[in-house]
Every structure is written in structure tokens, then in C-alpha cells.
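Just so you know, all these numbers are worked out from the coordinates, no wet-lab data involved. On a predicted model such as this, the values are computed, not experimentally measured, just so you know. With ideal geometry, Cβ positions are generated from the backbone for all residues, glycine too; neighbour counts draw on all protein chains shown.
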Amino acid sequence: MLYFDSDYMAGAHPEVMQRLIDTNSQHTVGYGCDQYSLNAIQLIKEACGVEDAKVYLLVGGTQTNATVIDGLLAPHQGVLAAQSGHICVHEAGAIEASGHKILTLPQYNGKVKAADVEEYIVDFYRDETFLHMVAPGALYISFPTEYGTIYTLSELQEISRVCREHSIPLYIDGARLGYGLNAEGCDVTLKDIAKLCDVFYIGGTKMGALFGEAVVVTNSKLLNNFYPLIKQHGAMLAKGRLLGVQFEALFTDDLYNRVGRQCVELAIKLKRAFINRGYTVEVDSPTNQQFFRLPNSVIDRLKEHASFEMWGPKGKTESVVRFVTGWATTESDIDRLIELL
């Protein structure tokens, strides 16, 4: 069976796993105060080009989003997000469970527009009854988006400008950040991300780690009491060094970007094969997530040999599906799937 359901189906990248094995018998202090975690944090700061950033290592993506957003917002505030945003669609109301409302914006292949963000904020305060309403307190976006699309540098600059003019923190969900930064045509760097937003996270779970996300806070005014909040949200490991060891490995010898480049190259090869065989690309994604509209008969035939996700309800005659490459995807996996087309 070929596996294209997601980028976290296999365990850890061999280089990450080897580091875990090599350090397994060592004794360290807990809760991320060990030398591996401290070294990983320093490597991340250097990669981001922000020496005075605060970096925290958390367990998983949903916990990270819920913890960060809870920390950014006052009790009366909500978070702006695209209708298709992960926090809106696939996190089971985790944000609302912490007492904050998601304020949805139109989405354009997963992205939001700066003009829509500004219009929402301006119109909110033009309403004479705004004191009785949930105030926009932060903006959440994903890079890449849930549709595998990426923002251009100019788009991010404009979104950042709007957020800063209206004192709205910009938070970027980077669960698949490495695939976005290594996408075809991407003109955004990790240092750009660090410069333009207030808080973001570098995903590990979907980038070759067993688990783990690294939250980077570049705005010194935000999340100054974040440590106890991480614990309250159940996102802290007593054996914190397991996170540190993994991120230390990911940010050594450019492994994070190597994983990203390899997966993107394989995904683009797969997309071109689908196109060459006359199938319809549903979303023109330059990253490791690829979306196609296929006849149900083709989907049923492929399902006998490969696993992949239905993207939404199954249609009467054709449906949208998603194929995702991960660190364990090989060239031969792609070639075998292409033969099945």
C-alpha cells in the first residue's frame, strides 16, 4: 500500500530518530530546561535572525494554536481567521473551548486579504454597539495554508502593515512552514516571517519529528507569562528534552529545509503526472499538499493500492482528493502511483 494521507503518518526522520537513540540513556532536568532544548532554542533564534526572540517547545499543533491564541487575547476578544483556517475547520472548537470566538474572514484558496482584515476592524469600531460585541484581538493565518497555497512577500507585508496599524498581533500557524518556505516560487524566508509577524510556530510534527512545535515570539510585549499557560493547556512535557533533541536535529545540517525541499519536489512531480494524464488540479498548490478533482471510479480504483484523503464530501460522479508527501515518501512511491494513473 502507498500512503499519501498526510505528512505525519511515518515516525521520525532517521536523523532525528538517531539523535533520540543516542541520547536515550542520558539523565537531564525536565520541562525544557535541559541543554538540548536550550541549544535547539539558540539554533532556532539564529535561523530566524532574531536573537532576542522568545522560543517555547510545545507538543502538538492544536495545543499550540489554542495556547498561543488564548495568551494573545483578552477575555472579550476573538481571533480573525479565514473561513478555511485550521482552527475553524479541523480543531474541534479548541479555540472556542478556551473562551474565545473565531471571527471568520473570506478565504481565497486558503488565504486572507489585507483589505478584508482592515475592513473588518474598521467596521467593527464604526458600529456604535461594539462594546457588546466580540472584539478582533489577533489575526491567525497559516503558511502554507490548508490548501497548500503560500502568501507572497508583498501579501505578508501588507497584512503585517494592517495588523500593526490597528495594534492587532499577527500569528502564523507554521505546521508545514518548511514546505511553504521551500515551495516553487516562494519569495518569503524564515527571517521575513520573523520580521513581519508577532508570533509564529515552526512545525516539527509534519516535518520529520515524532512530535513537537516551536513557538517563536518576536514581539517582546506579548506572551510574557506564557510558561504557566503552556502547562495549563497540557502542552508541556516533563521529559522536555525529547522536544529539544528533535528540534536540535532538525536545525542541524539544514535538515529542516532538506525535508521540505525533498517533499515539495516529489509532490510537484506527482502533480505534473496528474496533469499530463488529463486530470483536473483543484488547487494550484506549490507545496507538498496536492488537490485533484477525480472521477469517483478513478478514486475507487486508486484506493485499492494507495491511501489518500477525500477533501470534503464525496460527490455524485467526481470528488476532490488530497495527496500529501512526507519525509518517508520515496521517488519509487511516486513512480508506482503514477503507473496506477
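Taking amide H positions as placed in the peptide plane 1.01 Å from N, state which residues far from Tyr201 in sequence (5 or more) or on other chains have amide H under 5 Å from it.
Ile172, Gly174, Val216
Given axes a ≥ b ≥ c from the Cα gyration tensor, I'd like to know whether segment 69-132 is rounded (a/c under 1.5), prolate (a/b larger than b/c) or oblate.
Cα axes put segment 69-132 in the oblate bin.
Share of Cα-Cα pairs in segment 195-341 beyond 21 Å, in percent?
57 percent
With a cut-off of 20 Å, note down the residues of segment 27-60 whose backbone N falls inside the zone around a label point 7 Å from the Cα of Thr252 toward its beta carbon.
So the set is 27-48, 56-58.
Quick one: Karplus J couplings for segment 91-99, per residue in order, coefficients 6.51, -1.76, 1.60, θ = phi - 60°, nearest Hz, x for Gly and Pro?
So the Karplus estimates, Gly and Pro as x, are 10, 6, x, 4, 5, 4, 5, 8, x Hz.
Run down the lysines and flag those whose C-alpha is under 29 Å from the C-alpha of Lys111, throwing out any fewer than 8 positions away in its chain.
By straight Cα distance, Lys111 reaches Lys45, Lys54, Lys101, Lys191, Lys195, Lys206, Lys221, Lys269, Lys271, Lys314, Lys316.
Go ahead and estimate [θ] at 222 nm for the chain from helices alone: -39,500 (n - 2.57) per DSSP H run with n ≥ 4, summed, over the residue count, rounded to 500.
-12000 deg cm²/dmol
Calculate the dipole size of the chain relative to its Cα centre from +1 charges on Lys and Arg beta carbons and -1 charges on Asp and Glu beta carbons; express the result in debye to the nearest 20.
Rounded to the nearest 20 debye, it is 380 debye.
Taking a temperature of 37 °C and a viscosity of 0.692 mPa s, what whole-number D in µm²/s does Stokes-Einstein yield for the chain with Rh from Kirkwood over alpha carbon pairs?
Translational diffusion coefficient: 158 µm²/s.
Which of rounded, prolate, oblate describes segment 1-96, given a ≥ b ≥ c as roots of the alpha-carbon gyration tensor eigenvalues and a/c under 1.5 marking rounded, otherwise prolate only if a/b is larger than b/c?
It is oblate, given that a/c is not under 1.5 and a/b is not larger than b/c.
Give me the extension gain from Asn224 to Asp123: residue separation times 0.36 nm, minus the current Cα-Cα distance, reported in nm with one decimal.
Taking Asn224 through Asp123 to full extension adds about 33.3 nm, to one decimal.
Calculate the all-directions average of the projected area of segment 9-168's alpha-carbon convex hull, and give it in nm².
12.0 nm²
Sort 156-163, 225-232, 132-139 by the packing proxy (mean of other Cβ within 10 Å over each peptide's residues), most packed first.
156-163, 132-139, 225-232
Name the residues whose placed amide hydrogens come within less than 5 Å of the amide hydrogen of Glu282, ignoring near sequence neighbours (fewer than 5 apart) on the same chain.
Those qualifying (amide H under 5 Å, at least 5 residues apart or on another chain) are Phe291, Phe292, Arg293.
Placing +1 on the Cβ of each Lys and Arg and -1 on the Cβ of each Asp and Glu in segment 14-250, which of Met207, Pro106, Ala81 has its Cα farthest towards the positive end of the resulting dipole?
Met207
Kindly provide the chymotrypsin sites (Phe, Trp or Tyr not before Pro) of segment 134-181 that DSSP labels as loop, not H, G, I, E or B, and whose Cβ sees at most 15 other Cβ atoms within 10 Å.
Filter output for segment 134-181: empty list.
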